[in-house]
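Presented below is the structure to which this report refers.
What follows draws every value from the coordinates through simple rules; no lab data is involved. Just so it is clear, the structure is predicted and the values come from calculations on it, not from any experiment.
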Amino acid sequence: MNKGLLRSALCAVLFLALRGALAADADVDTGQDERAEESQELAGLSLKVDKKNYSWSGKVLTVKFAHGARKFKNSPVENINSVKYHFHHYLGYDAGTGFHFVETQGWEWRGLELIDGESGAVVSLGQLLPNGISPDRQWVLNLRGEMGDCSGAIQMTRIPKKGESGKQKIVLLPKKLGECRDPDSTPRNVQWLSETRAQVSWECRDENGETRPDRITLEWRGHAWNVDRVPCGKAALKARGASLAFHHF
């Protein structure tokens, strides 16, 4: 083959390879931004995606914290239909909690990895409820599974203090709160009244398929979480009915 033609062919191949690589990087970045926007809406967080906080090298996501970095390796996309499929998205950094948020996704499951921006301590969670992290950042209230998958069950996790290393610990809630009752009840968001007292809003569905709101109060007393009542129960239904009757009268 003529040397000029060979040189032209090589240049064309290199150009196509470079364009493909740039397109792949663009797709990753676009996906990151979209996932960050969605998660901000879901969790009510002020996540900031800054390129200095994370980087991609092939299939490895690196998240940087004050004195080091955490790496998350993706499995090949071809394994999307197998248990080996594992993908990560960097969602951003939340200055309020001091966490970097990484979404992990597998075959029919999704979760979160929270990386402390100072110590690098990692907290692994299921679906985070909006405003689910306590003001002192000692507790996280999240769903046991994904929204729509055992969505009537919540759990409380105690996490390391900000800037400290350590391990997370699941602290048992009253039994009824940890049971799957979907679609009869679905927790929607959390309002912290103090560092050890929280109100959880729920959406209840009756036998006719109609929905109504409900709200319970969780409080840390005697080294345990206590609840004022079970959400979406008969007592709540009666109270709702009485309230409607009063306003009608």
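In this model, which of LYS51/LYS73; LYS51/LYS84; LYS48/LYS175; LYS84/LYS161; LYS51/LYS162 are farther than 26 Å apart at the alpha-carbon? Pairs exceeding 26 Å: LYS51/LYS84; LYS48/LYS175; LYS84/LYS161.
Let me know the Kirkwood hydrodynamic radius for region 49-132, please, with Cα pairs as the basis and the value in Å to one decimal. Value: 13.3 Å, from the Cα pair sum.
Between GLY163 and GLU118, SER119, the built amide H atoms are under 5 Å apart, and every one of these is 5 or more places off in sequence or on another chain.
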